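The values are calculated or read from the model by the stated rules, or taken from the named source; none is laboratory data. Being a predicted model, the structure only gives us computed values, none of them experimental. Here the Cβ positions follow ideal geometry from the backbone for every residue, glycine too, while neighbour counts run over all protein chains shown. Each accessible area value is taken on the protein alone, full model and side chains, heavy atoms only, with ligands, DNA and RNA left out. Shrake-Rupley method; radii C 1.70, N 1.55, O 1.52, S 1.80 Å.
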Amino acid sequence: MRGAVLYAPGDVRVEDRPDPTIIEPTDAIIRLVATCVCGSDLWPYRGVEKRDEPAPMGHEYVGVVEEVGAQVATIRPGQFVVGSFFASDNTCEICRAGYQSSCVHRELMGLIGTQAELARVPLADGTLVATPEPPPADLVPSLLAASDVLGTGWFGAVAAEVGPGETAAVVGDSAVGLLAVLAAGRLGAERIIAMSRHEARRRLALEFGATDLVAERGDEGVARIKDMTGGLGAHSVIEAVGTQESMMQAIRATRPGGHVGYVGVAHGVTLPGEELFFSHVHLHGGPAPVRRFLPELIELICDRDIDPGKVFDLTLPLEQAAQGYEAMDERRAIKALLRP
């Protein structure tokens, strides 16, 4: 099969890789219908996350089941399925509490690499969710978004305890940040402030339900949020970047007693204990337990209540994966969808 491999910063190649096979009786093999480049893939692409050897890339995926292991009971060949970036058994005590991305048996799909024609999915019964029927082609991008960025934005809003009648702010205008705006609207926020200075992303934020746009960053961004909320700050802030500046901007833009949901993959983030202590701000986040939300998100998408696939503004064949990385790295694209 063909698959994307990162050899060094800025060096993504699509090459022949071995076809996956059933290794454990709980595995499934799926043929990818669509995959994509994630903002978190840009960390190793830029050299921020070091890789010692060539690595397969990709952790977002939808496809059709081709083969299942002997112990797979609920997933069967021919089904169209959506999976999360962490494989999970969905039965352990941690999974049952709703934190499948910390499953005691979890496996990171990024180590398998789903920017490819085929993929082995461990723990198939717990990881994969089948759609009610094969979806029409126009729903595939939205179902792909559910595999990570929609589920991650949704978790950010849930972790920030976004609720009816309240003000939510979103730090970051990546696909995750934009879909956090959508999630905040679905969870009932009365006012949704999207922090972005890029025109195409600002337009999409408004389309997803943002009521206000703020271009300022850092301390200036915090001051704008405070000014817009009577000096108090937002009830809920979703941090969707993962840098020191974005985390502190999120914390400082939150009112005392408010909540920060952080879902940006943290790089070099340290928290000042004394400031945090006196802020009375709640922090919750981490790798999104996407599997928790998949059944609800798939239903919303199949019923056409939401259209998260709009975050894909560049579609390329898998063979041109490197161009997708370049476009996202240079912020010429919000998110690149790859067609195997």
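Structure summary
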| quantity | calculated |
| --- | --- |
| Residues of the range 295-326 classified as in a strand (DSSP E or B) and under 15 Å from GLU60 (Cβ atoms), total | 3 |
| Residue list for the range 111-135, filter: of a type outside the set (Asp, Glu), open to solvent by 20 Å² or more (accessible area, probe 1.4 Å) and assigned to a loop (DSSP other than H, G, I, E, B) | LEU123, PRO132, PRO134, PRO135 |
| Filtered residues of the range 277-294 (kept if part of a helix (DSSP H, G or I) and either surrounded by 13 or more Cβ atoms within 10 Å (Cβ to Cβ) or in contact with a Leu (Cβ under 7 Å, 6 or more places away or on another chain) (or both)) | SER279, VAL290, ARG291, ARG292, PHE293, LEU294 |
| Some residue of the range 297-316 being within 30 Å of ARG96 (Cα to Cα) and touching a strand residue (DSSP E or B) at 6+ places or on another chain (Cβ under 7 Å) | yes |
| Residue check for ALA253: closer than 19 Å to VAL214 by Cβ, aliphatic (A, V, I, L, M) and touching a Ser or Thr at 6+ places or on another chain (Cβ under 9 Å) | yes |
| Residue list for the range 327-336, filter: hydrophobic (A, V, I, L, M, F, W, C) and either in contact with a Phe, Trp or Tyr (Cβ under 8 Å, 6 or more places away or on another chain) or assigned to a loop (DSSP other than H, G, I, E, B) (or both) | ALA333, ILE334, ALA336 |
| Selected residue (only one of GLY264, GLY258, GLY268 is in a strand (DSSP E or B) and of a type in the set (Gly, Ala, Ser)) | GLY258 |
| Test: residue in the range 261-274 that is polar (S, T, N, Q), under 28 Å from ALA34 (Cβ atoms), surrounded by fewer than 18 Cβ atoms within 10 Å (Cβ to Cβ) and more than 14 Å from the chain's Cα centre (by Cα) | no |
